[in-house]
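The values are calculated or read from the model by the stated rules, or taken from the named source; none is laboratory data. None of these values were measured; they are calculated from a predicted model. We place every Cβ from the backbone using ideal geometry, glycine too, and count neighbours over all the protein chains shown.
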Amino acid sequence: MIELENNDYPDIGTFYEANKVNSDEEYLNILRAGITCPRVFLKREPSEKWHNAFNPVLFSLLQSNTDIHFITEEYSCAAYVVEYVNKANRVISNLQRQIIKIMDEHSKFDIVEITRKMSIDMLNTEEMTSQEAE
């Protein structure tokens, strides 16, 4: 069983040896298993497994972190947009749970105290883009 997530390998040869992969062709077949739509795989070393797709030109222009996603078909684009838009909804749902929890734990709080505590918690956990943070 291949354990790339749990182990670090200095190079592809060490990875092949540790996981009993005999050839590049076998490795490609492993990658293809379970993939049902077109997908882009960037060539990189096993030690770079946690790196986002990176473009030095974009980095120099934007001067910020980028996470490049290659869109190979319409469904992937729609799924990415829905996931991005719903990220804010997860924060709101968590906020609603937090409000209920605060009200249950501190039944003697008045609305001003609850709002103050909630605002502090929200500022500490809000997901935002780097542009919003500036």
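Identify the residue in region 37-68 that is over 19 Å from the mean Cα position of the chain (by Cα) and closer than 25 Å to Pro10 by Cβ and, among all such residues, is surrounded by the most Cβ atoms within 10 Å (Cβ to Cβ). Among those that are over 19 Å from the mean Cα position of the chain (by Cα) and closer than 25 Å to Pro10 by Cβ, it is Glu45.
A quick yes/no check of all residues on (1) at pLDDT 75 or above; (2) part of a helix (DSSP H, G or I):
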site	(1), (2)
Tyr84	yes, yes
Lys87	no, yes
Ser93	no, yes
Arg97	yes, yes
Ile100	yes, yes
Phe109	no, no
Ser119	yes, yes
Met122	no, yes
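If the condition is being exposed (fewer than 10 other Cβ atoms within 10 Å of the Cβ) and of a type in the set (A, V, I, L, M), then region 101-126 contributes Ile111, Val112, Leu123.
For beta carbons closer than 7 Å, sequence separation of 6+ or different chains, a first residue in region 95-107 that is within 13 Å of Lys117 (Cα to Cα) and a second that is assigned to a helix (DSSP H, G or I) and among the β-branched types (Val, Ile, Thr), the qualifying pairs are Ile102/Ile114; Met103/Ile114. Checked against (1) loosely packed, with under 12 Cβ neighbours inside 10 Å; (2) touching a helix residue (DSSP H, G or I) at 6+ places or on another chain (Cβ under 6 Å), Gly34 passes all but condition (2). Listed by position, the helices (runs of 4 or more DSSP H) inside region 1-72 whose residues that are within 24 Å of Tyr84 (Cβ to Cβ) and at pLDDT 85 or above number at least 2 are 56-62.
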